[in-house]
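Working notes, beginning with the structure itself.
The values are calculated or read from the model by the stated rules, or taken from the named source; none is laboratory data. Every value quoted in this text rests on a predicted model; they were computed, and no experiment measured them. We place every Cβ from the backbone using ideal geometry, glycine too, and count neighbours over all the protein chains shown.
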Amino acid sequence: MPMQIKLAKSAGFCFGVKRALEIALKTSLLGKKVYMLGDIVHNENVVKLIENAGIKKVKRLKKSKNAVLLIRAHGTSINIFNKAISLGYNIVDATCPMVKEIHRVAKEMEKKGYRIIVIGDKNHDEVRGIIGQLKKRALVIDKLGKTSLNKIKKTAKACIVVQSTQNLDKTLEIADTIKKYIPDLVFFNTICKPTRTKQAEIKTMPLENDLMIIIGSKNSANTKRLYEISHALNKKTRWVNSKKDIKISWLKDARRIGITAGASTPQETIAEITSYIRSIKA
Ligand code: SF4
């Protein structure tokens, strides 16, 4: 039987990251100093591309005349926005429109008197950006422990929004539990469409293929999540970052090979690895 390679539809950059990268490269051509608070994505090649374009990553903002602060796809808090303006920066906002929508919903519901609950990772920049839009302190829940349940029990009216990249099953489970305790609860499932597609594919592809290749940097959290889900379903799951990581012995006996990639993996890397596998198997 000839070998089949199936590349996930959702492999690689999501719409928001692609857009942010395009905005960043366009901004680098303005002839101004351009700064970013953190990496655009967790991928060495993309970080290098951004550096080569002259965009600098900084931890803190210093006073600056006529420089640009580029806001990444995750978005940021109102405080950072205002601080940058007061320090003299021009803002180029590459926040993903789907993250902007979470900001809008959270702000609107807070205005209507709802306490905002964010299902997400409190240390993630996107979540910091969401809670940083609000006047009152939001409750961030990653998993339901005793402390978070106690806080929930004291709340009469709340609105849930979700970090765009959260796990759908886990989120629905948490939201169902919260519903039992809060009489007036509104739930906005703000997991974005690209994330949903990625999660649906990684639940089926490992069962349909003999070998799964997951492409992405070792420091990419979302690639790690893809690897873990795939590995739990199919032990023949391999995590690679370049064609050099591929061992020919893995491909022996593999008739159907599934390939996917984390949201920070560039298209060129995916194409290079896919054609390398094809060339070995040919
Ligand atoms: S993961 Fe979703 S919300 Fe986040 S940048 Fe990508 S498309 Fe936008």
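A few notes on this one:
- Among the residues of the range 12-23, those that are touching a residue at least 12 places away in the same chain (Cβ under 8 Å) and either within 11 Å of the ligand (Cβ to nearest atom) or within 13 Å of the chain's Cα centre (by Cα) (or both) comprise GLY12, PHE13, CYS14, PHE15, GLY16, VAL17, ARG19, ALA20, LEU21.
- Near pairs, Cβ below 9 angstrom, 6+ apart or cross-chain, from the range 112-136 (at negative phi and of a type in the set (S, T, N, Q)) to any residue that is more than 16 Å from the ligand (Cβ to nearest atom) and assigned to a helix (DSSP H, G or I): GLN133/ILE78; GLN133/LYS107; GLN133/GLU110
For (1) outside any helix (DSSP H, G or I); (2) more than 30 Å from ARG256 (Cβ to Cβ), each residue gets a yes or a no:
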position	(1), (2)
LYS107	no, yes
GLY113	yes, yes
ARG137	yes, yes
LEU149	no, yes
ILE152	no, yes
SER164	yes, yes
GLU173	no, yes
ILE191	yes, no
ALA200	no, no
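- THR269 being of a type in the set (Ser, Thr, Tyr) and either assigned to a loop (DSSP other than H, G, I, E, B) or at pLDDT 95 or above (or both): yes
- Residue within the range 78-89 that is farther than 24 Å from GLY38 by Cβ and either small (Gly, Ala, Ser) or in contact with a helix residue (DSSP H, G or I) (Cβ under 8 Å, 6 or more places away or on another chain) (or both) present: no
- Per this entry, ILE213 is not counted among residues that are out of contact with any Ser or Thr (no Cβ under 6 Å at 6 or more places or on another chain), more than 28 Å from ASP39 (Cα to Cα), among the aliphatic types (A, V, I, L, M) and not in a helix (DSSP H, G or I).
- Residue list for the range 35-46, filter: within 24 Å of GLU272 (Cβ to Cβ) and away from the ligand (no atom under 13 Å from the Cβ): ASP39, ASN43, GLU44, ASN45, VAL46
- Screening the candidates LYS6, LYS65 for the property of being away from the ligand (no atom under 15 Å from the Cβ) and in contact (Cβ under 8 Å) with a residue 24 or more places away in the chain yields one hit, LYS6.
- When ASN52 is tested against (1) surrounded by 15 or more Cβ atoms within 10 Å (Cβ to Cβ); (2) at pLDDT 95 or above, just one condition goes unmet, and that condition is (1).
- The sole residue among ALA271, ALA232 that is more than 16 Å from the ligand (Cβ to nearest atom), over 15 Å from ALA8 (Cα atoms) and loosely packed, with under 15 Cβ neighbours inside 10 Å is ALA232.
- Single match in ASN167, ASN209, ASN189 (criterion: surrounded by 14 or more Cβ atoms within 10 Å (Cβ to Cβ) and under 19 Å from ILE273 (Cβ atoms)): ASN209
- Some residue of the range 145-157 being within 16 Å of the ligand (Cβ to nearest atom) and crowded, with 18+ Cβ neighbours inside 10 Å: no
- Which listed residue, of ALA232, ALA254, is of a type outside the set (Lys, Arg), at pLDDT 95 or above and more than 29 Å from ILE40 (Cα to Cα): ALA232
- When LYS26, LYS32 are checked against the criterion of being assigned to a helix (DSSP H, G or I), surrounded by fewer than 20 Cβ atoms within 10 Å (Cβ to Cβ) and away from the ligand (no atom under 14 Å from the Cβ), a single residue qualifies: LYS26.
- Residue that is farthest from the ligand (Cβ to nearest atom), among those in the range 76-108 that are touching a residue at least 24 places away in the same chain (Cβ under 8 Å) and small (Gly, Ala, Ser): GLY88
- When the range 65-83 is filtered for residues that are surrounded by fewer than 24 Cβ atoms within 10 Å (Cβ to Cβ) and among the charged types (D, E, K, R), the ones remaining, listed by number, are LYS65, LYS83.
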